[in-house]
Amino acid sequence: MRFDLQVIASWIEPGSKVLDLGCRTGSLLSYLTREKNIIGTGIEIDEDAAGQAIAKGLSVIHGDIYEELEDYPDNAFDYVILSQALMQVSDPETCIRDMLRVGKLGIVSFPNFTHYKNRFQMFFTGRAPMSKELPYEWYNTPNIRVIPITDFRRFCSGMNVPIVKEVAISTYHHDEKGRVITFLPNLFATFGIFMLGQSKG
Amino acid sequence: MSEYIEHNADGPSVGLVKKELFTFDEGGTGLTLDSGRTLPSVTLAYETCGTLNEDKSNAILVCHALTGDSHVAGYYNEEDPKPGWWDLMVGPGKPIDTDKYFIICSNTIGGCMGSTGPMTRNPETNHPYGTSFPVVTIGDMVRCQRRLIDHLGIDTLLAVAGGSVGGMQVLEWSVRYPDRVRAALPLATTTKHSAQAIAFNEVARQAIMADPTWNKGDYYETGRPEHGLAVARMVGHITYLSDESMRHKFDRRLQDRVELSFDFEADFQVESYLRYQGNKFVDRFDANSFLYLTKAADYFNLENQHGDGSLVSAFSRASCRYLVVSFTSDWLYPTYQSKAMVKAMKKNGLDVSFCEIEAPWGHDAFLLPNDRLNGLLSGFLNRVSNEITGGK
C-alpha cells in the first residue's frame with residue numbers, strides 16, 4: 001500500500017466507520033477492514049475501479065463525490081477520507097464542508113505542489129513542472145488544482161476548519177516507503193496529509 | 001425480458017434439474033391477496049439446484065422477470081436444446097455458485113409455467129379462471145415465495161437476487177421480510193414504474209384485449225388470442241433493447257430480400273425479428289397471464305406500499321445489505337431510478353453498493369454475458385457468505 005495511505009491508516013481508530021471518497025479499487029478500505037475491523041464505504045466515479053472494489057467485497061457506490069456525499073445524514077461516519085483527489089475537486093470548499101458534515105473527522109491528502117523539485121523545474125526550465133506525483137502535461141492533466149501545503153493551511157483557517165493533525169511526508173520506492181518531513185515541509189515534502197475537525201459554533 | 005438469449009452448452013452446468021410443485025392453503029382458509037380476494041389454494045412451481053447446508057444458511061432465492069419461469073439453470077433432460085434462463089449466472093463456479101449456494105427459483109403466482117394463475121382451473125366452476133382470477137401484486141408474489149421458503153425449512157435467505165420485475169420482488173422481500181434476508185441484489189429494476197413503462201404495458205395489454213379471440217379472457221376452450229399476444233410481446237421486446245443495440249443488430253438491413261417489397265411483408269430485419277419473437281412467445285405463454293403480470297408490475301410502488309409515500313421510510317424497514325446494479329442504456333428502468341433507491345438506502349444508513357454498468361444492449365443487458373456483472377455478483381455474495389462462516 002502507498003506510504004501516504006499507510007499514514008492515513010495509522011490515524012484510524014479500530015472499529016470506526018470510514019467513508020473513502022475517490023476510493024479507486026479500494027486498497028485502503030480493504031486494508032482498514034482487514035487490519036482495523038472498520039466499517040467502510042467507498043465512493044468512486046470510475047466504473048472499472050468501483051466494479052473492482054465491489055468485487056473485492058467492499059461497499060462501494062459508483063458515483064460522483066458531491067452527489068453521493070449529499071445523501072448521508074450528519075455524522076454518519078467517524079472519518080471521511082479524501083486521498084489524493086482534492087486536485088480534481090471542482091469546489092473544494094463545498095466538498096470539505098460536506099465531508100465534515102457527514103464525518104466527525106476529515107482526512108485530506110494531496111501532492112505538495114511546491115516541493116523543491118517542482119520549483120527547480122519551473123525555475124530552470126521555465127515549464128510547468130511534471131513529477132512522479134503529478135505526472136501530467138498541462139493539456140492532459142486531470143488535476144485542475146495545484147496545492148502547496150502552506151496554502152492548504154491558509155485555506156483551512158480561512159474556512160474556520162480546525163487542523164487536528166498534520167504530517168508531511170516524502171515517499172520513495174514506488175511510493176510504498178517514505179519518511180516524515182519536519183524541516184521545511186512545504187519545500188521538502190512530496191505529500192501533505194491533514195486531519196480536519198468540525199468547525200466549532 | 002427476453003428469455004434464454006445466451007447460453008454455452010459446453011460450459012459448466014448444474015446438469016439435470018426438475019420442476020417441483022408446492023401447494024399451500026394457509027391451513028384451509030386460503031390465501032387472501034392484496035386485492036382483498038382469496039384463493040382457496042396456491043401452487044408454486046419451483047426448481048432448486050446446489051445443496052442446502054446443514055444450518056440452512058446458504059440459500060439464495062432467484063426471482064424471475066416478467067415472463068420468466070422457475071427453470072433458472074441446467075436442463076430438464078439431456079435433449080433440451082437450451083438451459084434455464086440464467087444459466088450464465090447460476091451453476092458450478094459461476095457467480096451464483098451452485099458449489100457453494102443452494103438456489104431456489106419459483107414461478108410467480110399469476111404466471112403460466114406451473115404456478116397458480118388465470119390458466120388454472122377454478123375449483124368452484126371447474127373451468128379456468130381466466131379474468132375472474134384475482135389481480136395479483138408483487139407483494140402477493142413475494143408472500144407466496146415466503147411460504148415456499150418456510151416449506152423448505154429455511155429461516156433466513158443468504159440473498160434474494162433478480163433483475164427487472166424480479167428485482168421488484170427482491171426489493172419487496174427486503175422491506176416486507178427484513179428478518180429473513182441477509183442480502184438483496186436488485187438488478188436493472190425500479191421501485192415504481194414510470195408513466196412511460198406503464199404506457200408500454202398498456203399498449204401490450206390492449207393488443208391482447210383487442211384480439212377478438214381473447215373473448216374477455218375466456219378462450220381456453222375456443223382458441224387463444226395468439227395475434228394479440230404476439231403483438232404484446234413485440235412491444236415488450238422494443239423496450240428491452242436500445243437504439244444502439246437495434247442499430248447494431250439490424251440497422252435498416254432488409255430481411256431475405258434485396259429491395260423493398262412495396263407490400264406489408266416484413267421488409268426489414270427488425271420487423272422479422274419482432275415477428276419471430278412474438279410468434280415464439282405465443283407457443284409458451286398465456287395471454288391472460290401476460291395481462292396479470294404486467295398489471296402487477298405497474299401496481300408496484302414500494303414507497304406507497306411500505307413507506308406512506310416516502311421511499312426513505314419504506315427502506316427504514318430494511319436491514320440487509322444491498323447490491324444495486326443499473327445499465328447505461330436501459331431506458332425502461334433508467335439509472336436515475338436505481339440511484340433514487342440507493343439514495344433512500346443511504347439515508348437509512350443501510351450498507352449498499354451500487355454500480356452503473358456501461359452496456360449498449362438496453363434493459364436486456366442483465367441477461368447477457370457481462371464480466372463486470374459477474375464480478376460484482378460473485379464478490380458481493382462471497383462477502384455476505386463469509387460474514388456468516390467467518391471466511392471458512
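In table form, for the structure just shown:
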| quantity | calculated |
| --- | --- |
| Mean Cβ count within 10 Å, highest first, over the residues of peptides B:280-292, A:54-66, B:107-119 | B:107-119, A:54-66, B:280-292 |
| Burial ordering of B:Ile208, A:Ile39, fewest other beta-carbon atoms within 10 Å first | A:Ile39, B:Ile208 |
| Volume per residue that the Cα convex hull of segment B:160-204 spans, once the total is divided by residue count, Å³ | 65 Å³ |
| Virtual spin-label span in nm between A:Phe124 and B:Gln206, 7 Å along Cα→Cβ | 7.7 nm |
| Value of D in µm² per second that Stokes-Einstein yields for segment B:119-270, Kirkwood Rh from Cα pairs, at 10 °C (1.306 mPa s) | 83 µm²/s |
| Once the Cα gyration tensor of chain B is diagonalised, semi-axes √(5λ) in Å | 31, 26, 21 |
| Ranked B:Lys18, B:Lys94, criterion: other C-beta atoms within 10 Å, fewest first | B:Lys18, B:Lys94 |
| Directionally averaged shadow of segment A:101-192, computed from the convex hull of its alpha-carbon atoms, nm² | 7.4 nm² |
| Amide N proximity, segment B:342-372 versus B:Arg146 label position 7 Å along Cα-to-Cβ, cut-off under 14 Å | none |
| Whole-Å distance, taken between Cα centres, linking segment B:211-252 and segment B:280-329 | 21 Å |
| Segment B:1-150: equivalent-ellipsoid semi-axes (sqrt of 5 x gyration tensor eigenvalues, Cα, Å) | 30, 17, 12 |
| Net length gained if the chain between B:Ser313 and B:Arg284 were fully extended (0.36 nm per residue, minus Cα distance) | 6.4 nm |
| Computed label-point distance, nm, for sites A:Phe188 and B:Thr131 using a 7 Å Cα→Cβ extension | 8.6 nm |
| A:Lys177 versus B:Asp179: modelled label distance in nm, points set 7 Å from Cα along the beta carbon direction | 5.7 nm |
| Length released on extending from A:Ser10 to A:Phe155, taking residue separation times 0.36 nm less the Cα-Cα span | 49.7 nm |
| Cα radius of gyration and Dmax for segment B:275-328 (Å) | 17.0, 45 |
| Spatial separation of Cα centroids for segment A:87-111 and segment B:64-94, in angstrom | 48 Å |
| Test item: B:352-361 mean partner chain Cβ contacts at 10 Å | 5 |
| Sorted by Cβ neighbour density within 10 Å, fewest at the top, the residues B:Trp86, B:Trp214, A:Trp11 | A:Trp11, B:Trp214, B:Trp86 |
| Largest to smallest principal axis extent of the C-alpha atoms in segment A:1-92, angstrom | 31, 29, 23 |
| About the Cα centre, charge dipole magnitude for the protein assembly as shown (Lys/Arg +1, Asp/Glu -1 at Cβ), debye | 2080 debye |
| Globularity index of segment A:3-197, i.e. its alpha-carbon radius of gyration over 2.2 N^0.38 Å | 1.00 |
| Shielding score for B:344-350, defined as the mean number of other chain Cβ atoms within 10 Å | 3 |
| Inter-chain shielding of A:59-71 (mean C-beta neighbours from other protein chains, 10 Å cut-off) | 5 |
| Rule-of-thumb Rg ratio for segment B:208-304 [Cα; 2.2 N^0.38 Å; N residues] | 1.30 |
| From phi via Karplus (6.51, -1.76, 1.60), per-residue ³J(HN,Hα) for segment B:316-324 in Hz, x at Gly/Pro | 5, 7, 7, 9, 7, 7, 10, 10, 9 |
| Links that overshoot a 28 Å alpha carbon limit, given the list B:Lys18/B:Lys56; B:Lys19/B:Lys216; A:Lys117/A:Lys165; B:Lys100/B:Lys249 | B:Lys19/B:Lys216; B:Lys100/B:Lys249 |
| Estimated [θ] at 222 nm from DSSP helical runs (n ≥ 4, -39500 (n - 2.57)) normalised by residues in chain A, nearest 500 | -9500 deg cm²/dmol |
| Shape of segment A:54-93, Cα gyration tensor, a/c cut at 1.5 | oblate |
| Calculated log₁₀ intensity ratio I(q)/I(0) where the Debye formula runs over C-alpha points of the protein assembly as shown, q = 0.05 Å⁻¹ | -0.27 |
| R0 of 45 Å, Cβ-Cβ distance B:Thr156-B:Lys82: FRET efficiency to nearest 0.05 | 0.85 |
| Coordinate range along principal axes, alpha carbons of segment B:250-350, Å, largest first | 60, 32, 21 |
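A short reminder: the numbers here are calculations on the coordinates, not readings from a lab. A quick note: this is a predicted structure, and the numbers were derived from the prediction, not measured. Counting neighbours? That spans all protein chains shown, and the Cβs are built from the backbone with ideal geometry, glycine included.
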